[in-house]
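Read through the structure below, which is laid out as C-alpha cells, and then see the notes.
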2 protein chains.
Amino acid sequence: MKKIDFSNNKKFMIKGARFSSLCANIKYKNRLDLTLILLEAGSIVTGVFTNSKTKAPSVIWSKKVVKSASKNAEEPIAIVINSGNANAFTGKKGTQAIEKVVLEIAENLKISKKRILMASTGVIGEPLPYKKIIDKIPSLTQNLTENQVVDCAKAIMTTDTYPKLRFKKFKLDKNFISILGIAKGSGMIAPNMATMLSFIITDIKISYAILQKITSNLSDKTFNSITVDSDTSTSDMVLVSTTSNANMKPIKKFSDNRIKQFSKTLELVMKELAIEIVKDGEGSNKLIEYQIIGALNDKSAKNIALSIANSPLVKTAIAGEDPNWGRIIMAIGKSGENIIQEKIKIYFGKYLITNNGRVHKKYDEKKAKDYMKNTNLLVKVDLGIGRGIAKVWGCDFTKEYIEINADYRS
Amino acid sequence: MKKIDFSNNKKFMIKGARFSSLCANIKYKNRLDLTLILLEAGSIVTGVFTNSKTKAPSVIWSKKVVKSASKNAEEPIAIVINSGNANAFTGKKGTQAIEKVVLEIAENLKISKKRILMASTGVIGEPLPYKKIIDKIPSLTQNLTENQVVDCAKAIMTTDTYPKLRFKKFKLDKNFISILGIAKGSGMIAPNMATMLSFIITDIKISYAILQKITSNLSDKTFNSITVDSDTSTSDMVLVSTTSNANMKPIKKFSDNRIKQFSKTLELVMKELAIEIVKDGEGSNKLIEYQIIGALNDKSAKNIALSIANSPLVKTAIAGEDPNWGRIIMAIGKSGENIIQEKIKIYFGKYLITNNGRVHKKYDEKKAKDYMKNTNLLVKVDLGIGRGIAKVWGCDFTKEYIEINADYRS
C-alpha cells in the first residue's frame, strides 16, 4: 500500500464538498474533536450502521436522515461528527442533545433538520456536553472550506495512532470521477468505546437507490469483513455521499455498465480504509488476511473466517509467530458450519499444512515458522465442499491489547 | 467453597468403581498420563460431548458407546483416558489407534469393545503413540483399586495447576447415595489444545434414559455455562456413570420424586467442578458470575450472558478492576438479542449501575471501583422484559493468558 502524503489538503478535494474542524474541548483540551462536512444541494447520502441492539442515539438519528435523504435532494447535506463522547446509553437526554445540536446547525446554515446527520465516538454513558458543541457551530460553519479534509481525518480520531484517508480518481467515459474517504478505527482505550466511523464522498451522478445498494454490498465486503477483537460498537457508521458534481450523464438504472467501474474504485477506497483500521487496532502487530474458499456457501465461508479471525487462541498463536494450525482446526470446528474434516486444506501463505484429515506429509515446520515472522500474513482455508468464499482481515492478540484495555484507565 | 483434602484416597470411594493410573510417557516423562476407570457389571454410562464440527475420534467413538450403553448392561464399563495427546485431526490413523487400544483392553478385561470408552486430551494433529498405551494396559488393569481416584484426577490434567475432585453424599429415603466427580480444565498451552473432561460416578439405581436426561440438563447449567476464552475444544466430554450399587429401589419413572433430590446434589458436584475449571483458566485471576434475569426467554438470557462473559473488552476491564459498565452495554447490544435500553438494570454486586437508559443517579464510581477489587465478582443484568434467566461463569483476560498462549511455544 502506498504511503499517503498528508501535507497538502488541496490534493483531496471534491467539488461541492466543504470541510471544517476545530477544537471544542469535548473530552481533552487542545485537540481537534469537532467536524462539519457540508455537501451542496443535490447531494445524496447513503449509509450502513451498527447492528448493535444498544445503538447510540446518533445512529438512530442518522439512519432516519439517510432513509429520507432521497426525498429532500434540493437541500444541502450536513454531517457533524464529534469525538471524545459517544453519547451512547445516555437516556432521553442523549436524544435531546442531538436535537439541540442539529437545530443549531439548521438555523446557522438555513437547511432543514432532516438534512443533518450526526456521528459521535468516545466514552459511553457520559452526557454529551452539547453546549460546548453549540458554542462552536458559528466558527465551524464560517471556516468551511474545500481543502480541510486532512484535519477532519484527524478530528474524528479517538485512540487511532494516525489519520486514515484515501483519495482516488478514475476515468468514467471521458471524465474523471473522484472518491475521497476518511475513517477512524477500532482502537479502544478505557473507558472509551471503540467505534468505526467512515465518511466517503464522491462526485458521481447516481441515483440514491443505486448508491445505497452499492454502499451496503461493498460495506459487507470491506468494513464488515474486518475484526479487531470481535466487539461491536454502539456507534459504527459508514456514510457514502455524492455531491453529484461530476460532468456525466447520471446513472439511473441498475443495469448501467458504469456501476461496475465505479464500484471497483469505491471498493478499493473502502477496503484500504478498512485494512488501515485493522492495522491500527490496539496492540496489533500483524495484519492477517483470512481467505476461505470451497465452503457450502458465502455465508458459511464468512462465519468460518470470522470464527478463525476472532479466536483468542488463533490470535495469540499468531502474536507468538507460531504456525499452530491445530487452533485453526479448532476454530473451524467451533463455527458450527458444515465441513468434512478429510477435505480441509489449510495454507499459511503458499505452504500447504493439512490435507486428508491430518497434517500434510510434506509439512515443514521450519518453513511455516519462518513464514509466521512476516507482518502481513495470509491464512487460506479450502473446505473443498462447495463454492462459497469469503475474505476477512484481522490482527493478532498481544499483551499491549491487554495493557491498553485493562491497565491504564485514567 | 471448602478446600478439598486430597491426602486420603479412601474418602472418595464408590462401591463397584475401580481406578488405576500410571505414567506412559505419552508426551512428557515421569508424570501420570494414563487412567483406567472400571465400573462393574450393571453400571450405566451417560454423556454429553463437544459440539465441534472437528470432533476428535475419541469423541465420536465414546458417543457411540454411550448410545448403545443401555443395551449392554450385563457387562462392566471401562473408561480409558490419556493426557498429552488429543488424537484430534489425525486422519484414519487416529480412529485406528483407538480401535487398537480398545481391543487390547477388551482382551485384557474380557469385556466387549462396545463397553469401552476413550477420552484424549493434549496436542492436536500429532499421531497418538498408541503402542505406549497398549504396553501399559496389563499393569493398568492389574493396579485397579477402589481408592486411587486422586491420582486419576492428576493423570487427566494437562495445563491445569491443580487436580479437580468433588465427593458428596446425600440421604435418599433411608440410605446414602454417593457422587464422585473429577474434571480437567481449559487451561491451554501452545501447542496444546485445551479440553474440558469430567468423569462423574455415582451408585444410585436409576434407568439409563432418566440418567442421560439429567446429565444433559445439568451439563447445560454447569459445564456448558462456563467460558474461559470462548474457544471450543475438539475433545470435550462429560460422562456421568452409576454402578447401581446403592441400597435402594431403582428409579424407573421420570415422575419419581427422588430424581429432584439426586439432581440437586449432582448439580452441585458438576457446578463446583465447572467453577474450578474457570478458576484454573489460563492467566485467570478473577471468577465472575454473570446472572441474567428478565430476558425474553432462557435462551436469550444465556446468549446475552455469554456475549458479556466472552467479550475481550469486558474481560480486560475486569482484569484492570475497572467498573466499565459501558462495555457491558456494548456486549448486551452485540448479542443481537431483543432488549429495551431503558429497562436494562446492571448491578456490580449489590450496586445498581444503570436504569432508565443511563447511568443510575446515585451511582458511586468509588464504591464500584472498590467492589471490582474482589476476586469473586457478581455481574447481574435485569433486562426487565420477560422471565428468561441464565447464569454463566467466566474469568478475566490478563497478560498472563497472552504469555501462556503466545510467548512460550516449545
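Does region B:101-116 contain any residue that is assigned to a strand (DSSP E or B) and modelled with pLDDT of 95 or more? Can you show your working first?
Residues of region B:101-116 that are assigned to a strand (DSSP E or B), as a first pass: B:116.
If we keep only those that are modelled with pLDDT of 95 or more too, we end up with B:116.
Yes, because at least one residue in region B:101-116 is assigned to a strand (DSSP E or B) and modelled with pLDDT of 95 or more.
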In region B:332-343, is there at least one residue being out of contact with any Lys or Arg (no Cβ under 8 Å at 6 or more places or on another chain), assigned to a loop (DSSP other than H, G, I, E, B) and charged (D, E, K, R)?
no
From the list B:324, B:374, B:338, which one is under 28 Å from the mean Cα position of the chain (by Cα) and of a type outside the set (Gly, Ala, Ser)?
B:374
Criterion (more than 18 Å from residue B:207 (Cα to Cα) and surrounded by 22 or more Cβ atoms within 10 Å (Cβ to Cβ)) met by exactly one of B:49, B:19:
B:19
Select from region B:364-377 the residues that are surrounded by 16 or more Cβ atoms within 10 Å (Cβ to Cβ) and within 28 Å of residue B:219 (Cβ to Cβ) and list them in ascending order.
B:377
Taking region A:88-127 on its own, how many of its residues are within 24 Å of the chain's Cα centre (by Cα) and touching a residue at least 60 places away in the same chain (Cβ under 8 Å)?
10
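Looking only at region A:52-68, which residues are in contact with a strand residue (DSSP E or B) (Cβ under 9 Å, 6 or more places away or on another chain), buried (at least 18 other Cβ atoms within 10 Å of the Cβ) and over 23 Å from residue A:16 (Cα atoms)?
First pass over region A:52-68, keeping only residues in contact with a strand residue (DSSP E or B) (Cβ under 9 Å, 6 or more places away or on another chain): A:55-63, A:65-66.
Those left that are additionally buried (at least 18 other Cβ atoms within 10 Å of the Cβ): A:55-59, A:61-62, A:65-66.
Listed by number, the residues that qualify are A:55, A:56, A:57, A:58, A:59, A:61.
Could we say that residue A:334 is away from every other protein chain (no Cβ under 11 Å) and among the charged types (D, E, K, R) here?
Details: away from every other protein chain (no Cβ under 11 Å): no; among the charged types (D, E, K, R): yes.
Criteria not met by residue A:334.
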Residues in region B:55-69 that are of a type in the set (Ser, Thr, Tyr) and either in contact with an Asp or Glu (Cβ under 7 Å, 6 or more places away or on another chain) or over 15 Å from residue B:122 (Cα atoms) (or both) total 2
Cβ-Cβ below 8 Å, separation at least six or inter-chain, first residue in region A:308-322 and on the phi > 0 side of the Ramachandran plot and more than 8 Å from chain B (Cβ to nearest Cβ), second surrounded by fewer than 24 Cβ atoms within 10 Å (Cβ to Cβ) and of a type in the set (A, V, I, L, M): which pairs?
A:321/A:372
Yes or no: residue A:183 closer than 30 Å to residue B:341 by Cα, among the small types (Gly, Ala, Ser), crowded, with 22+ Cβ neighbours inside 10 Å and assigned by TED's automatic domain parsing to the domain that holds residue A:27?
yes
How many residues does region A:22-46 contain that are surrounded by 18 or more Cβ atoms within 10 Å (Cβ to Cβ), assigned to a loop (DSSP other than H, G, I, E, B) and either touching a His at 6+ places or on another chain (Cβ under 8 Å) or hydroxyl-bearing (Ser, Thr, Tyr) (or both)?
1
Among residues of region B:157-185 being in a loop (DSSP other than H, G, I, E, B) and touching a helix residue (DSSP H, G or I) at 6+ places or on another chain (Cβ under 6 Å), the residue modelled with the highest pLDDT is B:163
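Could we say that residue A:340 is surrounded by 24 or more Cβ atoms within 10 Å (Cβ to Cβ) and either under 30 Å from residue A:168 (Cβ atoms) or within 12 Å of chain B (Cβ to nearest Cβ) (or both) here? Can you show your working first?
Numbers: surrounded by 24 or more Cβ atoms within 10 Å (Cβ to Cβ): no; either under 30 Å from residue A:168 (Cβ atoms) or within 12 Å of chain B (Cβ to nearest Cβ) (or both): yes.
Against the criterion (surrounded by 24 or more Cβ atoms within 10 Å (Cβ to Cβ) and either under 30 Å from residue A:168 (Cβ atoms) or within 12 Å of chain B (Cβ to nearest Cβ) (or both)), residue A:340 does not qualify.
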Where residue A:263 falls short, out of the listed (1) surrounded by fewer than 21 Cβ atoms within 10 Å (Cβ to Cβ); (2) closer than 29 Å to residue B:402 by Cα; (3) small (Gly, Ala, Ser); (4) away from every other protein chain (no Cβ under 14 Å):
(2)
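So, residue B:249, is that one surrounded by fewer than 21 Cβ atoms within 10 Å (Cβ to Cβ), modelled with pLDDT of 90 or more and over 21 Å from the mean Cα position of the chain (by Cα) or not? Write out each step before concluding.
Numbers: surrounded by fewer than 21 Cβ atoms within 10 Å (Cβ to Cβ): yes; modelled with pLDDT of 90 or more: yes; over 21 Å from the mean Cα position of the chain (by Cα): yes.
Spelling it out, residue B:249 is indeed surrounded by fewer than 21 Cβ atoms within 10 Å (Cβ to Cβ), modelled with pLDDT of 90 or more and over 21 Å from the mean Cα position of the chain (by Cα).
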What do you reckon, is residue A:48 in contact (Cβ under 8 Å) with a residue 40 or more places away in the chain, under 18 Å from residue A:183 (Cβ atoms), of a type outside the set (Phe, Trp, Tyr) and touching a Phe, Trp or Tyr at 6+ places or on another chain (Cβ under 8 Å)?
yes
Checked region A:280-304 for anything surrounded by fewer than 20 Cβ atoms within 10 Å (Cβ to Cβ) and assigned to a loop (DSSP other than H, G, I, E, B); matches are A:285, A:296, A:297
Being within 11 Å of chain A (Cβ to nearest Cβ), in contact with a strand residue (DSSP E or B) (Cβ under 6 Å, 6 or more places away or on another chain) and of a type in the set (Val, Ile, Thr), is that true of even one residue in region B:275-296?
no
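The values are calculated or read from the model by the stated rules, or taken from the named source; none is laboratory data. Since this is a predicted model, take the numbers as computed values, not measurements. Methodologically, a virtual Cβ is constructed for each residue, glycine included, from the backbone with ideal geometry; neighbour enumeration extends over all protein chains shown.
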